[in-house]
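Structure record follows, encoded as structure tokens.
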Amino acid sequence: MRRKLVPVAALAMVCLLTVSACGSGGSTRKRSRSTDRAPAAAPGTKKDRDVDATLPAATPGPTASRRRDVRLGCDDLEDAQVGSRTVRYRGLAQPVTLDDGTWRGRDGTTVTLQQACGVGDLDGDGVADVVGAVALNGGGSGTFFTLVAWRGGGGEPVFRALADLGDRTPLERISMAGRKATVVWLTRSAGRSLAELNVRRTSVYQLSGAKLVEVSHTDQPYAP
């Protein structure tokens, strides 16, 4: 009878140890699952970025769009500046700013915007340039004509370059193509007086820094 009790007691001890081990293992796995769970997304993480990605992208305001689309035209030259501090117009110390197409100095000198005008691209940057002309009169018989180029800056003319044509040499028309300005104006042959105009000249100009440079011209007889 005593020999049968020992195995029973040993069997009971084995069972208790087995149950304890099983319970401990289950507890470890449960803690492991809770530890492996991903933490909640913090502000500014991928979750928030995914939500922000659904929002429409910001677009330029209407003012910025209009500035890019504005094209400089001949009508914009009425209040344009002629010359600059580095590129002097007719030797004047300060640039001239037109007011409704005219500038008047304290000494009676006037600068007047001429009708001849052309619009195009002088340097291939995709921005419209305008080539026009002004005439200076200092109160005497002389009237000095100057070819002027302006660049469009948000629809406003920005002075670029000039070329003097001389005394009493009026312009008839200006056209632009292929980064060149073609100017038709009146002048005189050698030996003629300043009052005589007997040549209609067609000159082709290109932009070179702050100058409009004549690259070619052809002449035809002119009779008033």
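The values are calculated or read from the model by the stated rules, or taken from the named source; none is laboratory data. Predicted model, so just to flag it, every value in this text is computed and none were measured. In this analysis, Cβ positions are derived from the backbone assuming ideal geometry, glycine residues included, and neighbour counts consider all displayed protein chains. Just so you know, the surface numbers come from the protein's heavy atoms only, side chains and all, with ligands and any DNA or RNA stripped out. Shrake-Rupley method; radii C 1.70, N 1.55, O 1.52, S 1.80 Å.
Taking θ as phi - 60°, what are the ³J(HN,Hα) couplings along segment 102-115 by the Karplus curve (6.51, -1.76, 1.60), each to the nearest whole Hz, with x for Gly and Pro?
Whole-Hz 3J(HN,Hα) from phi for segment 102-115: 9, 10, 10, x, 5, 8, x, 5, 10, 10, 10, 6, 8, 6.
Would you mind getting the Kirkwood hydrodynamic radius of segment 70-116 from its Cα pairs, rounded to one decimal in Å?
11.5 Å
According to a simple spin-label model (label point 7 Å from Cα along Cα-to-Cβ), what is the distance in nm between VAL127 and ASP99?
Simple spin-label model gives 2.8 nm for this pair.
Report the residues of segment 205-224 in range of a label on SER189: point 7 Å along Cα→C-beta, backbone N strictly under 11 Å from it.
So the set is 220-222.
What ranking do 92-99, 153-160 get when scored by the average of other Cβ atoms within 10 Å per residue, highest first?
Highest to lowest by the protection proxy: 153-160, 92-99.
Quick one: 3J(HN,Hα) in Hz for segment 130-147, Karplus 6.51/-1.76/1.60 with θ = phi - 60°, rounded, Gly and Pro as x.
10, 10, x, 8, 10, 10, 10, 10, x, x, x, 7, x, 10, 9, 9, 9, 7
Given H placed 1.01 Å from N in the peptide plane, which residues other than close sequence neighbours of THR169 have an amide H under 5 Å from its amide H?
So THR169 has HN proximity to PHE145.
Would you tell me the accessible area of VAL204, worked out with a 1.4 angstrom probe on the heavy atoms of the protein chains, in Å² to the nearest 10?
Roughly 30 Å² of VAL204 is accessible to a 1.4 Å probe.
With only alpha-carbon pairs counted, each pair once and no self-pairs, how large is the Kirkwood hydrodynamic radius of segment 137-224 in angstroms?
For segment 137-224, inverting the mean 1/r across all distinct Cα pairs yields 14.2 Å.
Please list, in chain and number order, the residues 5+ apart from LEU212 or on another chain whose amide H is under 5 Å from its amide H, with Hs placed from the backbone.
Under 5 Å from the amide H of LEU212 lie the amide H atoms of LEU162, ALA163, each far enough along the sequence or on another chain.
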